[in-house]
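The values are calculated or read from the model by the stated rules, or taken from the named source; none is laboratory data. Here the structure is a predicted model, which means the values were calculated and not measured. We place every Cβ from the backbone using ideal geometry, glycine too, and count neighbours over all the protein chains shown. Quick note on the areas: whole protein, heavy atoms, side chains included, nothing else; ligands and nucleic acids left out. Shrake-Rupley method; radii C 1.70, N 1.55, O 1.52, S 1.80 Å.
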Amino acid sequence: MTQITTDRPSTAYDRIPYLIAFDEVSAFKDTYGGAIGKVVVEAHHLKPHTPSDSVVIFSHPIGGGAYLPLVGMLARMGVHTIYCNTRYRGNDTALIMERAVMDFGACIRDAKERLGYKKVYLGGWSGGGAQSLFYQAEAQDPRITHTPAGDPYDLTAAGFIPADGVLLLAAHLSRNLTLTEWLDASIEDESRPFDRNPAWNIFAADGPKPPFSADFIAEYRARQIARNRRITAWVKEQLAHLKAKGLEHHERCFTVQGTMGDPRWVDPLVDPNEREPGHCMLGDPFVVNDGPVGLARFTTLRSWLSQWSYDDSQADGLKCAARIACPMLVIENGADDACTPSHAARLMAAANRCEIDHDVIKGANHYYFGQPALAGQAAELVRDWIAARD
């Protein structure tokens, strides 16, 4: 077990890796390797030695958070915890959100039926927040029978089990909305992404400089949405062209440059919090804007529509939040360099049928890296919130 030093009492727990497998018929394969027609997802069960009837289940579209500070801290505080990776662990190139949420549902069902937990709370950490909202929306109000690309994928027949509550922990709006707010608005032609309009290039030496006016931000945001919609229109044209040629299941891969051009990272007065100016969760935003780890850098036609399209993604956090009714805990990190205050505010406003508790961890960065005491504060809030409902 990874050790974290805190002043808080520590409860012994076991970390149990396990697999969840289920059959799925698909016209094409969008993950590398593995048996065709079989989905296998990896999970970690952090099981304290003190028994409990409730469990927090974390998941994220591309996973990888089983060893995050908050996850282990919860287990040390006696909270039974599961981290469930989707089939797209570590690679969102061809990620379909409808399939990712199906994987999440399989883990939740396994926790209830095999592991015997009576209550399940969704741990919506970062990008897992919108995924949790998407799952809960389809569990309480099932609607989806096709992906945005028109491929059959019936979530209404999945029999999702509604969770007993949703935790939004340093959560952003959703992949489609967050990408749009991070798009570089100076790119006006995707075929020439490095020819940028200097009037909107916030990283250029001769470009606009902070503090940005309200009018500048409003126009910049409108240009970001327009850019997302131009890409979406091109994607739909490509899919229609393939289908017209009888290539129903064929795909096209493409790159998207300039995806960390959010004025927030340049001007700390835009959606202000305690974050470090000129910095984002992935480092220097000027570098990340065109670097390999930027959102949507490598993607496919179907994946763009499912996870990145401003208008078409069915995993839109605001739209999903409006469809659910359950207890909700929202924890903001005061120095978050990924999910700034307006994200939590908009999600809470959208979830207008939920009973919401809201807390802010002052000075906390997105991951609590180097901040075990602040991770402990967040874990205590989660522990006490769950205990009040059990």
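Among the residues making up segment 162-201, those that are in a loop (DSSP other than H, G, I, E, B), open to solvent by 10 Å² or more (accessible area, probe 1.4 Å) and in contact with a Lys or Arg (Cβ under 8 Å, 6 or more places away or on another chain) are 164, 188, 190, 200.
For segment 377-390, how many residues are at pLDDT below 95 and outside any loop (DSSP other than H, G, I, E, B)?
In the first step, residues of segment 377-390 are kept if they are at pLDDT below 95; the result is 389-390.
Then drop every residue that is not outside any loop (DSSP other than H, G, I, E, B), which leaves 389.
Qualifying residue count for the region: 1.
All conditions but one from (1) in a loop (DSSP other than H, G, I, E, B); (2) buried (at least 24 other Cβ atoms within 10 Å of the Cβ); (3) of a type in the set (Ser, Thr, Tyr) apply to residue 156; the one that does not is (2). Against the conditions (1) under 24 Å from residue 267 (Cβ atoms); (2) in contact with a helix residue (DSSP H, G or I) (Cβ under 8 Å, 6 or more places away or on another chain); (3) among the hydrophobic types (A, V, I, L, M, F, W, C); (4) not in a loop (DSSP other than H, G, I, E, B), residue 344 satisfies every one except (2).
Do we find a residue being modelled with pLDDT under 85, open to solvent by less than 70 Å² (accessible area, probe 1.4 Å) and part of a loop (DSSP other than H, G, I, E, B) anywhere in segment 11-18?
Filtering segment 11-18 for residues modelled with pLDDT under 85 gives 11.
This time we only want the ones that are open to solvent by less than 70 Å² (accessible area, probe 1.4 Å), so: 11.
Among the residues that remain, those that are also part of a loop (DSSP other than H, G, I, E, B) are: 11.
Yes, segment 11-18 contains a residue that is modelled with pLDDT under 85, open to solvent by less than 70 Å² (accessible area, probe 1.4 Å) and part of a loop (DSSP other than H, G, I, E, B).
Quick check: anything in segment 291-311 surrounded by 18 or more Cβ atoms within 10 Å (Cβ to Cβ) and farther than 22 Å from residue 176 by Cβ? Checked segment 291-311: no residue is surrounded by 18 or more Cβ atoms within 10 Å (Cβ to Cβ) and farther than 22 Å from residue 176 by Cβ.
Filtered by the rule that a residue be in a loop (DSSP other than H, G, I, E, B) and farther than 15 Å from residue 313 by Cα, segment 77-99 gives 77, 78, 79, 80, 86, 87, 88, 89, 90, 91, 93.
Which residue out of 240, 214, 233, 244 is free of Cβ contacts under 8 Å to residues at least 24 places away in the same chain and within 26 Å of the chain's Cα centre (by Cα)? I'd like the intermediate steps shown before the answer.
Values: 240 fails: within 26 Å of the chain's Cα centre (by Cα); 214 fails: within 26 Å of the chain's Cα centre (by Cα); 244 fails: within 26 Å of the chain's Cα centre (by Cα).
233 is the lone residue from the list that is free of Cβ contacts under 8 Å to residues at least 24 places away in the same chain and within 26 Å of the chain's Cα centre (by Cα).
Restricting the first member to segment 50-62 and to residues that are of a type in the set (D, E, K, R), and the second to residues that are part of a strand (DSSP E or B), the beta-carbon pairs closer than 7 Å and six or more apart or on different chains are 53/119. Checking each residue of segment 211-234 against the condition of being part of a loop (DSSP other than H, G, I, E, B), open to solvent by less than 10 Å² (accessible area, probe 1.4 Å) and within 25 Å of residue 345 (Cβ to Cβ) gives no match. Please specify each residue of segment 313-327 satisfying the condition of being surrounded by fewer than 20 Cβ atoms within 10 Å (Cβ to Cβ) and in a loop (DSSP other than H, G, I, E, B). Matches in segment 313-327: 322, 323, 325, 326, 327.
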